[in-house]
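Quick notes on the structure that follows.
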Amino acid sequence: MSHQTANWSIWAHWYNRVLLDRDWRPDAMLAVLDGITRQDWGQGPSHINPMFDEVLTLYLGEDDPSLTVVTPLSEAYPVDFTFDTLQRVMRMIGIDDNMKHLRDPSIVQAFLDDAGQLRDDFRDFCDYAQELSPGGNYAGVLRRAASKVTQEFDRVEDLTHLRAERLVQLGGELELFAVSEQGRADLGGPLAGILDQRIGALKQLCRKHFGPSYQTLAPLAELRLDQIDQEGVLHVLDEAIGFIETLPNDDFQPLDHEGLLVLQDMRAELHVIRGAIADASGDAFRSLLEDRFAQSAGSLGLSLLRFGQKSKAALNKAGRGADAAIKTNKRLEGLADIIDGIVDMFPGGGP
């Protein structure tokens with residue numbers, strides 16, 4: 001992206017405040033500047049300017065309080081996006097604010113040591129589960145969920161783009177199916193015990209290194225279906241991802257291939273949970289699955305909204321700061337708000 005087509009809104013608002021002798025929030029500006037690295041500067045204004053979105057949202061909120069989004073749910077997206085100047089696509093990345101502490105070399109090495117061992121442990125579990133004969137349906141789901149954890153660990157080398165929130169979420173999905181009676185029966189006692197040990201180690205690793213990620217994702221745990229039709233939710237999410245698969249167009253930048261695969265994978269997880277709800281034999285486990293469906297749908301929905309905001313901002317189509325929850329200025333309070341936001345954001349997103 002050239003300097004001419006980058007979104008310069010933050011600097012226009014900052015300059016106007018300086019000229020008018022208004023408070024330009026130096027503390028907020030300096031907090032962002034302190035976190036910018038030499039590598040960041042080398043990527044140009046299309047990378048730098050969006051780093052000030054929170055300050056821009058602060059400016060806009062002071063100018064018009066109706067534009068300020070304060071609900072924690074609106075910021076609970078598990079992945080973020082940045083514009084790749086060379087490839088001219090949106091790249092899916094981790095939430096950098098939550099990973100700043102991983103830039104300390106000693107902390108990085110401690111994480112690599114822990115993650116490398118745990119990755120090998122999960123690979124062992126996947127190998128054991130592969131040998132089950134014939135093995136039940138839940139054993140296959142557990143093996144697939146464990147393999148996703150190892151795939152996230154394989155990305156550890158690119159620490160600035162570590163998707164900690166995504167890893168925390170995958171651990172939650174794995175634990176959900178691991179506690180089911182059917183899942184434990186499919187695995188058998190010894191292998192179920194091995195999986196329990198692996199999940200315990202994963203939770204310990206995430207708590208140790210990804211503390212801020214739990215705070216980011218906490219609002220998702222409160223989501224419930226609340227009479228929302230599951231098939232309708234799936235339809236809206238399917239349509240939005242289908243639209244993203246056809247990009248680019250004049251309003252949206254395309255998503256990188258890896259990021260698109262993650263969105264498709266999150267959608268596949270939702271369909272697996274939906275199928276498990278239909279097959280659940282007990283009311284308690286069915287209720288647990290329904291809550292997880294709402295949380296996973298919310299997670300995917302927020303990721304789609306975040307992509308839409310960043311993609312539009314990259315083309316200077318956002319109209320205002322990329323941290324506004326959705327273009328209709330709704331404050332996100334529940335799953336219905338997220339789904340409505342997707343319908344508003346993406347053409348063809350409605351039922």
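Some notes on this structure:
- For segment 274-289, taking the residues that are closer than 20 Å to Ala221 by Cα and in contact (Cβ under 8 Å) with a residue 60 or more places away in the chain, the one that is surrounded by the fewest Cβ atoms within 10 Å (Cβ to Cβ) is identified as Leu288.
- Among residues of segment 176-198 that are farther than 23 Å from Gln117 by Cα, those with a beta-carbon under 6 Å from a residue that is open to solvent by less than 50 Å² (accessible area, probe 1.4 Å) and part of a loop (DSSP other than H, G, I, E, B) at least six positions away or on a different chain give the pairs Asp186/Gly136.
- In segment 130-147 there is no residue that is within 28 Å of Leu263 (Cβ to Cβ), assigned to a loop (DSSP other than H, G, I, E, B) and either touching a residue at least 60 places away in the same chain (Cβ under 8 Å) or touching a strand residue (DSSP E or B) at 6+ places or on another chain (Cβ under 8 Å) (or both).
- Out of Gly42, Gly35, one residue alone is under 27 Å from Met99 (Cα atoms) and open to solvent by 20 Å² or more (accessible area, probe 1.4 Å). It is Gly42.
The rows are residues; the columns are (1) assigned to a loop (DSSP other than H, G, I, E, B); (2) modelled with pLDDT of 75 or more.
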site: Leu288; (1), (2): no, yes
site: Gly319; (1), (2): yes, no
site: Ala322; (1), (2): yes, no
site: Ala325; (1), (2): yes, no
site: Lys330; (1), (2): yes, no
site: Ile338; (1), (2): no, yes
site: Pro347; (1), (2): yes, yes
site: Gly350; (1), (2): yes, no
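- Unique match (being surrounded by 22 or more Cβ atoms within 10 Å (Cβ to Cβ) and more than 28 Å from Asp84 (Cβ to Cβ)) among Ala146, Ala185, Ala201: Ala146
- Criterion (surrounded by 23 or more Cβ atoms within 10 Å (Cβ to Cβ) and among the aromatic types (Phe, Trp, Tyr)) met by exactly one of Phe293, Phe243: Phe293
- The residues of segment 215-234 that are open to solvent by 70 Å² or more (accessible area, probe 1.4 Å) and in contact with an Asp or Glu (Cβ under 9 Å, 6 or more places away or on another chain) amount to a single one, Arg224.
- Applying the criterion of being polar (S, T, N, Q) and within 17 Å of Glu290 (Cα to Cα) to the residues of segment 211-267, the residue that is nearest to the chain's Cα centre (by Cα) is Gln230.
The values are calculated or read from the model by the stated rules, or taken from the named source; none is laboratory data. Treat the numbers as computed from the prediction; the structure is a model and nothing was measured. Positions of Cβ are backbone-derived with ideal geometry, glycine not excepted, and every protein chain shown enters the neighbour counts. Surface accessibility is based on the protein's heavy atoms, side chains included, excluding ligands, DNA and RNA. Shrake-Rupley method; radii C 1.70, N 1.55, O 1.52, S 1.80 Å.
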